[in-house]
Amino acid sequence: MVKEWREALKTSCDRCGWDLKNKKQYEEIENVVEKVNDILGRNQIWSFGDDLVDMHSRVEELEELLDLSANDIVRIVGICGMGGIGKTTVATSLFKKISPQYNARCYIDDLSKIYCNFGATSAQKQLLSQALNEIKNMEIHNVFHGTMLIRTRLRHLKMLVVLDNVDEVEQLEKLGLRPEYLGAGSRLIIISRDCHILQNYGVNEVYNVEVLDETQALQLFCKKAFKSHDIPKEYKELTLEALKYANGLPLAIKVLGSFLHDRDVCEWRSALARMNENPSKDIMDVLRISFDSLENLEKEIFLDIACFFSNRNGYSWKPTVKRLLEYRQFYPDIGMKVLIEKSLISCQNKEIEMHDLLKELGKNIVREKAPKEPSKWSRLWSYKDFQKVMKLNKEAKNVEAIVIQQNENEFVQERIRVDALSKMGHLELLSLNNVKCFGTLDYISNELRYLYWDPFPWMSLPSTFHLDQLVELILPRSNIKQLWKGKKCVPNLTKLDLNHSKNLIEVPDLSEVPLLMDLNLEGCIKLVQIHPSIGILRQLRHLRLRNCKNLIEVPNLSEVERLTDLTLEGCIEVVHIDSSIGNLRQLIYLNLKNCKNLVLNLNILSGITSLRTLILSGCSNLHNSKMLRDSKVKKLLMSPFDFLYRPKPQDSCGLSWSLLSFSVPCLVYLDISFCSLLQIPDEIGNLSSLIILNLGGNKFVTLPNTIKRLSNLHCLNLEHCKRLEYLPELPTVKERFIDEDMSLYIFDCPKLRDMEHCYSTVFSWMMQNLQIYFNQVYLEPGMEIVIPGSEIPKWFNKQNASTSISMDPSDVIDDPNWIGVAICVLFVTQQDPMNLDENPCPLSTIQYWVDDDWLSTIPIYFEKDLVTVELDHLCIVFHSRKQFIHRLNIFPNTMHDLHEFEFECFIHNPKGLRVVVKNCGYRWVFEEDLQQLNSNIFFSGNSSSPKRKLLTSN
């Protein structure tokens, strides 16, 4: 025992302690206590709080960005997100977890507040005192002095620093903390609502905090509202309503849940109803901080987006939002960028999105000075408030923008007298959708730049309208007969849209609308002619005349040199198009579909080298015999496209059809379906840029062998080729051009012979393209094939005699050899006189779904008098692994855990027909499957189909 004491005393004497000489004892005791606490703190058992949700995964993501194992570098990571989303929570959790690994630690919880209230030196003092663990006052004379202390005192320390609520880059600069001033292995975390600040400072990575998903939001709400994981039965519906309001924002969920805790159902209903009218001040105050930091024009942009332009409401597409904000003179390029940087809006797939509570904040700001008097607001977005202002019928000089979006299903039958619109002198933007109006509109604001009104109730625009500033005039389904009389100067108008104005009888003189770029008269069925002034509109890009069924001619377009898009689809009375169309050197899109009486020498198109899309479907009278004799086709020796056919006496249509030779190096889409073609020429193989070729509904017996030269062809449509007997070798796509799905449609071709050769041809095309697809790992390819067949091959090893089948990828999802999935559906078309469905569009009727999420659509054209009934077909679809998983998760808030789900095929039944799905199946495809597969295995059971033999012999 004495020996052990002696050793212990000797060991303690060898340790250095605290020198108390000439020092106050109580001060040194405080230092001892501080040191002991520090040592104990490093060894504490760490865990997350009980009220935190999804914190483990978020902290792990942050740890990955921090790269904690790299001890030889200093790394800076920013944390960004909107107010109340949990930036501080995740940073605090991370700090608690990893701080024991560092020699020095500092967490400044509100740098902005310290900087504003006490100055930069105060922030420097806090940084140094926490890092050096010095609790007594540290003298810092100025920012430069503080920076020198940081540089000299911290450079050898492995340090963890968190700076919360940074709202200006100047705060970081004056703090004087740079990566080079910290020791190796140090980590600096900066929290800000503005990612531009983080980028300016030069962070290595930015962690964007996302809102909670539905499951996580429910967990957090239950912890706050019920102090458990379960929801009492009577509260379930109200809980969903509360979660919808909070929309995944942790702050809102906590505030709502805590407020509703221990209250009865009636109190819940009352509180939620009140919150929709008067949002929680605790929530709004936090969100408003970001708004208050904006410049004035940025605030205006925020308010417009909050009230009108977000979350897929018809006005949320980014180019549209930007354009309308430009009309408002708000400089959106920089303003929208700032809002994105400050996490006030986001842009996903070019859609502008804003959190529901931020939208509510914006609307509150608009209302706050006169909550009960909408006539004094700057913006109107609610139908009820608009109705209230119209009924009041008083001057509303503050109103600058009105956007009323009524759902067509909720179209209110009550009409609104809109005389009060004449008393809004500063109105710049007016959009009324599905609002029934009447009254007198003698005047409209001279400042109006955008007018959308559906349906516009009057027969013409009032003559008192002064439209000097108007840029877009959109009046679909209007009652207009004549837009205006004579000439009207509208110097800034770029878009005029009167689509489906069924009473419109004439287009006015547009000679004093010099900037017009887009003219849409689609569905104006009483329109007989168009004013010739359209021919001098040099800025015109888009001319849409689809289904103007009584239009008899198109004016001279020789001076409309910038036209890129001309649509005459369904203009059945148009017989002649002026040859000036050949001067449209910038024309990209020409649609003449179902112009059944059009007689056109297509040689006039030979100079349009920019043409990319040409649609001639249903044009069976394009070239009469006189034009044929006058054609210069024979002189064009190098032409890639030359088919000239004299009418045959036995041709029941009595039509001659000729298509000129013309050089179209850019043509990527050609639709010559249902044109009564008896033959496709060899020269079609010279159309090297073609991606989509539709030859359906014609009368040829075979295709030329040159079609295999179309090495960019992704889609070949041969549906309803009733006389097709033989299929030649099909093209293989170049590797470098594969960027979209491949498709081959051989539907309703009852004369097709030698099915073994047909299957072999299709199989060879399929395999060549699949091999290229699956070798290009960075692509997301797919493939669709419709082909005659009476049995799903056994190769599809999972089958079910139904419209649906269960799919379970859990066994293959982690297998590196799994490359995709093949799906097959067997269907047949049958007569059904009891089906009287008047569906106007028989196209796109084969659709398939996974757990109610649309996966793809096969564009097959069904029509009673067109389809050969009782003919079985196979629909075969391939999706790559990446594409299949991507499409399962393509919709917002849709989470698939990739366990068992349901695949279902849906086919709309056109009038007089019934399309029956007999069977469906699938196979998970592995690399070795493609190596072992051959035509006999893939199409087993189909080549000798009795039904196919019978149809062929007939």
Where chymotrypsin sites (Phe, Trp or Tyr not before Pro) fall in DSSP loop in region 356-412, at most 16 other Cβ within 10 Å: Phe411
query: Per residue, how much accessible area does region 379-501 have with a 1.4 Å probe, in Å²?
result: 43
- request: Tell me the label-point distance for the pair Asn313, Gln405, using the 7 Å Cα-to-Cβ offset, in nm and rounded to one decimal.
  value: 0.6
- line: Per residue, accessible area of region 519-572 with a 1.4 Å probe, heavy atoms of protein chains only, in Å², comes to 39
Segment Ser270-Gln830, length gained on full extension (0.36 nm per residue, minus Cα span): 195.9 nm
- prompt: Full extension from Phe906 to Ser764: what is 0.36 nm times the residue separation minus their Cα-Cα distance, to one decimal in nm?
  reply: 48.2 nm
message: Run the numbers for His145 and Leu866: contour at 0.36 nm per residue of separation, minus the present Cα-Cα distance, in nm.
response: 250.7 nm
query: For Ile444, which sequence-distant residues (separation of 5 or more, or a different chain) have an amide H within less than 5 Å of its own amide H, given hydrogens modelled in the peptide plane?
result: His466
statement: Sequence order, region 108-117: Karplus ³J(HN,Hα) from phi using 6.51 cos²θ - 1.76 cosθ + 1.60, θ = phi - 60°, Hz rounded, Gly and Pro as x, gives 9, 7, 7, 4, 4, 5, 4, 5, 6, 8
- prompt: Got a sec to turn the phi values of region 338-343 into Karplus ³J(HN,Hα) couplings, 6.51 cos²θ - 1.76 cosθ + 1.60 with θ = phi - 60°, whole Hz, x for Gly and Pro?
  reply: 4, 5, 5, 4, 8, 6
- request: Go through Lys224/Lys342; Lys322/Lys481; Lys97/Lys174; Lys318/Lys342 and tell me which ones have a Cα-Cα distance over 21 Å in this structure.
  value: Lys224/Lys342; Lys322/Lys481; Lys97/Lys174
message: Need one number for region 55-208: average projected area of the convex hull over its C-alpha atoms, nm².
response: 8.3
message: Whole angstrom only: what separates the Cα centroid of region 308-326 from the Cα centroid of region 206-271?
response: 31
Distance (nanometres) between label positions extended 7 Å along Cα→Cβ at Lys436 and Glu210: 4.5
- prompt: Which whole-angstrom value gives the distance between the alpha carbon centres of region 72-95 and region 796-816?
  reply: 42
- request: With label points built 7 Å along Cα→Cβ from the Cα atoms of Ser382 and Asp110, find their separation and express it in nm.
  value: 3.3
field: Exceeding the 19 Å Cα-Cα cut-off - candidates Lys223/Lys363; Lys436/Lys549; Lys359/Lys394; Lys384/Lys436; Lys244/Lys436
entry: Lys223/Lys363; Lys436/Lys549; Lys359/Lys394; Lys244/Lys436
- request: Return one whole number: the accessible area per residue of region 214-278 in Å², for a 1.4 Å probe.
  value: 58
message: 5 Å is the cut-off here: which amide hydrogens, built 1.01 Å from N in the peptide plane, fall below it relative to Glu351, excluding neighbours closer than 5 in sequence?
response: Lys318
- prompt: For region 214-278, which whole percent of the accessible surface, found with a 1.4 angstrom probe, sits on carbon and sulfur atoms?
  reply: 49
- prompt: Between Glu180 and Ser610, what FRET efficiency comes out of the Förster formula 1/(1 + (r/R0)^6) with R0 = 56 Å and r the beta carbon distance, rounded to 0.05?
  reply: 0.50
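The values are calculated or read from the model by the stated rules, or taken from the named source; none is laboratory data. Computed from a prediction, not measured in an experiment: that's the story for all the values here. With ideal geometry, Cβ positions are generated from the backbone for all residues, glycine too; neighbour counts draw on all protein chains shown. With ligands, DNA and RNA removed, areas are computed over all heavy atoms of the protein, side chains included. Shrake-Rupley method; radii C 1.70, N 1.55, O 1.52, S 1.80 Å.
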